[in-house]
Amino acid sequence: MSKATQFLTIAGGCALAWLILSLHNVLFPFIKFPLCLEQILPVIPWECLIAFCAYSMINVGWKLVTFVDTPEDYKSLLKEIDAAKEDLRSKGLDL
């Protein structure tokens, strides 16, 4: 199972559980849920979104802090830039 499939399976299961619990008055009118559950359920998606955004920002920040430059990559990138410039010049673009 790939990472994407695993993520979609877990996220889909959580979304389905949240949907069933959110619609408990319609699906299970004979079961009374605690008041705290009814107050917490509507904000769970927002909390998940905020947690995902925080994780993403921390992950990108950490990757930028621990980014390692190598001289070989720098030279390779300059060669690719020069090749792109030459290709554009051959097509008539004035750089």
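What to note about this one:
- Cβ pairs under 8 Å, 6+ apart, first in region 18-36 and part of a helix (DSSP H, G or I), second surrounded by 10 or more Cβ atoms within 10 Å (Cβ to Cβ) and not hydrophobic (A, V, I, L, M, F, W, C): 18/45; 22/42
- So residue 95, is it touching a Lys or Arg at 6+ places or on another chain (Cβ under 6 Å) and either loosely packed, with under 10 Cβ neighbours inside 10 Å or modelled with pLDDT under 95 (or both): yes
- Per-region count, region 38-92, residues at pLDDT below 85 and not in a helix (DSSP H, G or I): 5
The values are calculated or read from the model by the stated rules, or taken from the named source; none is laboratory data. Computed from a predicted model, the values in this text were never measured in an experiment. A quick note on method: Cβ atoms are made from the backbone with ideal geometry, for glycine too, and the neighbour counts reach across all protein chains shown.
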